[in-house]
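Asks: Following this message is one structure expressed as structure tokens.
Please treat every number below as a calculation from the coordinates, not as lab data. Bear in mind that the values here come from a model prediction, so they are computed numbers and not experimental data. So basically every Cβ, Gly included, is an ideal-geometry build from the backbone, and we count neighbours across all protein chains shown.
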Amino acid sequence: MLVVGELINGMYSNIGAAIRERNKEAVQKCALEQIACGAEALDVNCGPASRQPLLDMPWLVETIQEVTDKTLCLDSSKPAVIEEGLKVSRNKTIINSTTADADKLDILVPLANKYKSRLIGITINAKGIPQNKDQRLELAVSIVSACQEKGFPVENLYLDPIVLPVNVAQPQMRDILESISEFKIISEPGAKTIIGLSNVSQGTIFRSLVNRTFLTMAVAYGLDSAILDPKDKELIDTLITAELILNKNIYCDSYLEAYRKK
Ligand code: THG
């Protein structure tokens, strides 16, 4: 499982302030802490309040790559913001994200090719978030087709069914989980899958419990990657255990310690 740390996001007040004040140390500390907890990649999002995302994104990328060469997952709904990040990136990147809309795919798939980046495709279009599994699959198929047409390797595509908060979209949870396994068999070779895990628990009381339960279930449906809070130790221990039970890791009595060190 590719663990993408979610904490470098301007929606968090400490990171929002660090971006405004160009406080490198706060961002670098957040990057190193997430890596120490097991993150193999870092999401980088200027946040909804950023007034100059075209400047904030490359500043964040340059600040983070001073202290780590981990993969950066450039998170913005604006392709121009993502491109400013790609231009200065020295290490591996993931574009987060394209929707299923032709205007986005026409810009972001060629950009992924140009910068040899992986690409996240979220199953949303101009009509909004799908309300059932069939609509999610339809959008996933159009993203996969666009990648095939434009010569982007589908193995480098991560499809995201868009996780919704369980307190407002409870009837959709099963469809979201089933989408994960179905996305992987749209093409051969198949695309990979990713979710923004913390979305599921927004507005709920037992956030950490909701997150780790949903993650366990998603892993059983074949999830390849998640954007999550790696500092939630019980969440990471649950993930390691779920993968152990699916025979992805070898059992030993000290397996938690062994896989945390890996
Ligand atoms: N898919 C993809 N990318 C994504 C998401 C997704 N990027 C953003 C988001 N969703 C994933 N990242 C977060 C980060 C934080 C939270 C949720 C998802 C979160 N934050 C607290 C809250 O809103 O309650 C903020 C707490 C605070 O302000 O301190 O829950 O789905 N591809």
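Asks: Does any residue of the range 114-134 turn out to be part of a helix (DSSP H, G or I), away from the ligand (no atom under 16 Å from the Cβ) and not charged (D, E, K, R)? Don't jump to the end; show me each part of the working.
Replies: Residues of the range 114-134 part of a helix (DSSP H, G or I): 114, 133-134.
From the residues that got through so far, the ones that are away from the ligand (no atom under 16 Å from the Cβ) too are 114, 133-134.
Still in the list and also not charged (D, E, K, R): none.
No, because not a single residue in the range 114-134 is part of a helix (DSSP H, G or I), away from the ligand (no atom under 16 Å from the Cβ) and not charged (D, E, K, R).
Asks: Here's something else I'd like to know. Name the residues in the range 240-257 that are in a helix (DSSP H, G or I), more than 26 Å from Gly121 (Cβ to Cβ) and not hydrophobic (A, V, I, L, M, F, W, C), would you?
Replies: Quick first cut of the range 240-257, residues in a helix (DSSP H, G or I) only: 240-245, 255-257.
So of that shortlist, the ones also more than 26 Å from Gly121 (Cβ to Cβ) come out as 240-241, 244-245, 255-257.
Passing the criteria: Thr241, Tyr255, Glu257.
Asks: Still on this structure: Restricting attention to the range 221-239, and to residues there that are over 18 Å from the mean Cα position of the chain (by Cα) and not hydroxyl-bearing (Ser, Thr, Tyr), which single residue is farthest from Ile176 (Cα to Cα)?
Replies: The extreme case among them is Lys233.
Asks: For a quick check of your reading: which strands (runs of 3 or more DSSP E) sit entirely within the range 139-239 and have at least 3 residues that are among the acidic types (Asp, Glu) and either surrounded by fewer than 17 Cβ atoms within 10 Å (Cβ to Cβ) or free of Cβ contacts under 8 Å to residues at least 60 places away in the same chain (or both)? Outline the logic, then answer.
Replies: Working: elements: 157-160, 192-196, 225-228.
Hits in the range 139-239: none.
Asks: Filter the range 2-26 down to the residues that are touching a strand residue (DSSP E or B) at 6+ places or on another chain (Cβ under 9 Å) and either in a helix (DSSP H, G or I) or away from the ligand (no atom under 15 Å from the Cβ) (or both) and list them by number. Don't jump to the end; show me each part of the working.
Replies: Going residue by residue through the range 2-26, those that are touching a strand residue (DSSP E or B) at 6+ places or on another chain (Cβ under 9 Å) are 2-11, 15-16.
Of everything in the range 2-26, those that are touching a strand residue (DSSP E or B) at 6+ places or on another chain (Cβ under 9 Å) and either in a helix (DSSP H, G or I) or away from the ligand (no atom under 15 Å from the Cβ) (or both) turn out to be Ile15, Gly16.
Asks: While we're here: For the structure I just gave you, tell me whether Glu62 is acidic (Asp, Glu), in a helix (DSSP H, G or I) and in contact with a strand residue (DSSP E or B) (Cβ under 9 Å, 6 or more places away or on another chain).
Replies: Numbers: acidic (Asp, Glu): yes; in a helix (DSSP H, G or I): yes; in contact with a strand residue (DSSP E or B) (Cβ under 9 Å, 6 or more places away or on another chain): no.
Against the criterion (acidic (Asp, Glu), in a helix (DSSP H, G or I) and in contact with a strand residue (DSSP E or B) (Cβ under 9 Å, 6 or more places away or on another chain)), Glu62 does not qualify.
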